[in-house]
Structures are given as C-alpha cells and as structure tokens.
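The values are calculated or read from the model by the stated rules, or taken from the named source; none is laboratory data. Computed from a prediction, not measured in an experiment: that's the story for all the values here. Cβ coordinates were reconstructed from backbone atoms using ideal geometry, including for glycine residues, and neighbour counts include every protein chain displayed. For the accessible areas, the whole protein counts, side chains as well, though only heavy atoms, and no ligand, DNA or RNA atoms are used. Shrake-Rupley method; radii C 1.70, N 1.55, O 1.52, S 1.80 Å.
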Amino acid sequence: MKRRLVVVALVLLSVVELVHGDGWRWAPGSRPHSVTITEFGAVGDGKTLNTLPFQNAVFYARSFADKGGAQLYVPKGRWLTGSFNLTSHLTLFLEEEAVIIGTKDPSQWPIVEPLPSYGQGLDLPGPRHRSLINGYNLSDVVITGNNGVIDGQGSVWWDWLHSHELNHSRPHIVEFLHSEEVVISNLTFLNSPAWSIHPVYCSNVKVHNVTIKTSLDAPLTDGIVPDSCSNVCIEDSSISVGHDAISLKSGWDNYGISFGRPTSDIHISRVDLQASSGAALAIGSEMSGGISDIHVDHIRIGSSSKGISFRTTPGRGGYIAEVVVADVVMDSVHLAIEFTGNWSSHPDDHFDPSFLPVIDKITLKNMEGTNISVAGVLSGIEGDPFSAICLSNLNFSIADSAPSSAWTCSNVHGYSELVFPKPCSELHDTSTNSSICFSLSSYSALAVL
C-alpha cells in the first residue's frame, strides 16, 4: 500500500498543470485504475522478451479509457521488449531502477510507412522501422516515473548504418503522431537507434526533467525533435547526443510543403545541451511546413560542434521566422552561431529549387561564450537573403588557436549592438530597425509568464 501511495504522489508531481501563452490548459491527475506489467506475464530479467505482455497490458488499459484512464506500472527490473503502442488516457510509470530495454532483434520493430511530410525514412528511401514506444491519434498520455530508464540499445543500429547493412530507416525510442496532451517527464533515455523523443503532428506536449544520452560518436542521434507540432514546452532537462540535442523541424521539400503543417509556439527553457557533431539547438533544415514563434531562454551549451544553427536550402520553401533565443552560456563550442542556406540534402530529385525559404526576424540576445573557435558563420541564399537578424549583448571569448576571422557573413541583413568580437558589416544594416529586436524580445518575455 505504501508503494502505491508513493507512485500516485509522484505521478501527481510529474503531471503538472500546463498553461501556454494562447490559453490552453490541461491538468491531468492520477489514474483511478492501475495494473502492473508482471500481471501480464512480463519477466524483468533482461533476457525474456516482453513485447506481448506490454501489448496486452496496454490493450487491457484501453478498457478504462472512459473510466478516467489507467496507469501501467513497471517495477524494478530490466524489461526487454520490442515495439509497442500506447493508448489514450494512459500513464506509463517506470519505478526507480526499472529499465525498459529495446531488443536488438529488428523483427520486433515492425515496418511502417514513411511520414507523409518527408516522403522517405530518415536513412533510406521507402518505409521505416516503427519506434520502441508509439502513440497514434491519442490524447492525455503520460510517460513518467521515479527516474526510471528507457534504453534503446542503439549500438547495433549505429553499426548497421555505418556498414550500410540497414534495410529500412532506424527507429526512435518514443514517437507520437497526431496526438495531443502528452507529458514525458522524470526519466532517462539512453542509446536511441536514431532520435530519442519525436512528437510529430502533435499539439500540447510537455517534456520536462528528462535526461537523454547517447555515445558521442553515435551517428545522427538527436535528442528531442518537435516536428510539425504546436504548443510544445521543453524544460529542466539535460541532453548529450552524437548529433543535434534539440532540433525543430516541419517537413522536407515538396512533401513538407504539400502537407503544410508548421511548427509553432515552442518554449524551451533551462536545459543543458551537448552535441558532439551537430548543434545544441538546430532549427531546420527540414522546415518546409514553416517554423515560427519560437522562444528559447536559459540554456547552457558545452563541448559541442555548434551552438545554435539555422538551416535551410533552395527547394525547401517554408519559413523560419519570429525566433528569440536569449540568456545562453556556451563553453568549448567550435561554432557558436550558424545560419546556412546551403544544407543541400533532399529526399529525392522532385524538389523545385525555385521554392526559396524565408528566414526573417531572428533575435539572439544575452549570450556569453568561453573557448569559442568561431563566433558566427551566417550564409544566406543569393537572391534570397536572410533578413532582420538581430544580435544584442553577445560576448564570445575566442580560443587562442581559433581562425583569425571570428565572423563570416554573406547574403544576410541585420542589426547588432554590444557584440564582441565585432560582427561583420552585414549585421550593421541601417535599413534594419533595432526595434525589431526588442519587440520580439518583449513578446517572448510576455509569452512565457
């Protein structure tokens, strides 16, 4: 009885009321019904395959959907499983020292169609492997715990990618599609085959107090990837991965343009990020549905290839606009700020290079960095310059061994003040009014109150 009371208390603490700038409000409480994975024959020895027990447990929990929902409790142990789906009005709760382990058997990761906004999988044309934990067209779902662990055992997938032995694109650890009112909290995610947390075509998503880690040489392993989503909040988390720690996306070339679902109203705060070969915070390059209304503050970036990266290329279409990133501390980052209009990967040859993206109204303020190699490389698109890029109160200490040029700019227009080292002349464009920077920053401050 004492254990059940502790679990209920932890769920109540982890599933906090969510209030966003546009007024949506969701405050789920504890579930009136609870089942334990062992009731369905699961064995937590790290060897027994528990795919069927997880599937059966979720199927049983579905019967309580109209009765307030249910909690699926995972106790201490090592629970090996293949891919399984969740259901609405469900809390998946991992107790302390509970570890859900993704099997290395690819047959336990079913093949599904590529996302319609991408047209192909992450790694290869055609279908892809379904993720370890999935939700489709769900509402009111919580994945939480008492610092439990979900381990994707991704090393075998990384080896297959390196050796060109993949038959289909790699899976993620958690993926929600067309879902709303999702909370992921108080857990550690390890060794994802590809991305750790991937909400796509979702709304009202909160990720907080999570730790995400992969080997720093793990290929193309991203942390949290909101993709064609709205009303997403990421807070109080630590991410250390091989590629991009947090990456915002909205579809790829003509597939994303046709699907037409943007990423918007994203709030990121109080996160520690490390990206060994990618960027701590990446926006794009798959941004064909549009990305806007992004508010990021109080982030720490360490030992990373790039700090903040905005990416696109001809053929993407779409836009990245109204972005504010503030109060950033960096240490040992090779390239602090990147804007590139030549991120030239495409899903196929059907893209139209005349579909040019719009990059506009980007404010970066209150940043400091130590042991930085290059302060910024800002390269727009010829005939389609990036506009209204505003830098305010940036101070980067350049490493002694760094290249002589701290800033490089082309095909960009913007404004800067109180920036050291002094930025390039394109960021002193007198046609760009400094009030653009401050109006966006003020809006950001109001939005997160």
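Descriptive notes on the structure:
- Residues located in the stretch 257-279, provided they are open to solvent by less than 30 Å² (accessible area, probe 1.4 Å) and either more than 15 Å from CYS202 (Cα to Cα) or in contact with a His (Cβ under 6 Å, 6 or more places away or on another chain) (or both): HIS267, ILE268, SER269, VAL271, LEU273, ALA275, GLY278, ALA279
- When the stretch 396-435 is filtered for residues that are open to solvent by 50 Å² or more (accessible area, probe 1.4 Å), of a type in the set (Gly, Ala, Ser), at pLDDT below 90 and within 20 Å of THR370 (Cβ to Cβ), the ones remaining, listed by number, are SER401, SER404, SER405.
- Note on the stretch 220-249: residues that are of a type in the set (S, T, N, Q) and in contact with a His (Cβ under 7 Å, 6 or more places away or on another chain) total 3.
- Listed by first and then second residue, the pairs with beta-carbon distance under 6 Å, at least 6 apart or on different chains, first residue in the stretch 233-249 and at positive phi and in contact (Cβ under 8 Å) with a residue 12 or more places away in the chain, second surrounded by 23 or more Cβ atoms within 10 Å (Cβ to Cβ) and in a strand (DSSP E or B), form an empty list.
- Among (1) farther than 24 Å from PHE93 by Cα; (2) more than 11 Å from the chain's Cα centre (by Cα); (3) open to solvent by less than 10 Å² (accessible area, probe 1.4 Å), the one test that ASP244 misses: (2)
- Residue match in the stretch 79-96 (condition: crowded, with 23+ Cβ neighbours inside 10 Å, aliphatic (A, V, I, L, M) and touching a Lys or Arg at 6+ places or on another chain (Cβ under 6 Å)): no
- Any chance SER163 is of a type outside the set (Asp, Glu), touching a Ser or Thr at 6+ places or on another chain (Cβ under 6 Å) and open to solvent by 10 Å² or more (accessible area, probe 1.4 Å): no
- Search result, residues across the stretch 111-134 that are assigned to a loop (DSSP other than H, G, I, E, B), buried (at least 17 other Cβ atoms within 10 Å of the Cβ) and of a type outside the set (Phe, Trp, Tyr): PRO114, LEU115, SER117, GLY119, GLN120, GLY121, LEU122, ASP123, ARG130, SER131, LEU132
- Selection from the stretch 167-185 of residues that are part of a loop (DSSP other than H, G, I, E, B) and either touching a strand residue (DSSP E or B) at 6+ places or on another chain (Cβ under 7 Å) or surrounded by 19 or more Cβ atoms within 10 Å (Cβ to Cβ) (or both): HIS168, ARG170, PRO171, HIS172, ILE173, HIS178, SER179
- Residue in the stretch 135-150 that is open to solvent by 10 Å² or more (accessible area, probe 1.4 Å), closer than 25 Å to GLY251 by Cα, part of a loop (DSSP other than H, G, I, E, B) and not β-branched (Val, Ile, Thr) present: yes
- Scope the stretch 151-160; condition open to solvent by 30 Å² or more (accessible area, probe 1.4 Å) and in a strand (DSSP E or B); matching residues: none
- Residue, most open to solvent (accessible area, probe 1.4 Å), within the stretch 323-352, restricted to residues that are at pLDDT 95 or above and of a type in the set (Gly, Ala, Ser): SER332
- Matching residues in the stretch 12-54 - criterion: being at pLDDT 50 or above, open to solvent by 50 Å² or more (accessible area, probe 1.4 Å) and within 20 Å of GLY145 (Cβ to Cβ): SER30, PRO32, HIS33, THR38, GLU39, PHE40, VAL43, ASP45
- Any hit, the stretch 204-221, residues being free of Cβ contacts under 8 Å to residues at least 60 places away in the same chain, under 27 Å from ASP348 (Cα atoms) and under 14 Å from the mean Cα position of the chain (by Cα): no
- Among the residues of the stretch 285-322, those identified as part of a strand (DSSP E or B), aliphatic (A, V, I, L, M), open to solvent by less than 10 Å² (accessible area, probe 1.4 Å) and more than 21 Å from SER237 (Cα to Cα) are ILE291, ILE320.
- When every residue of the stretch 34-48 is checked against the conditions, none turns out to be touching a residue at least 12 places away in the same chain (Cβ under 8 Å), among the hydroxyl-bearing types (Ser, Thr, Tyr), over 22 Å from VAL183 (Cβ atoms) and assigned to a loop (DSSP other than H, G, I, E, B).
- Note on the stretch 357-384: residues that are surrounded by fewer than 19 Cβ atoms within 10 Å (Cβ to Cβ) and farther than 24 Å from ARG300 by Cβ total 6.
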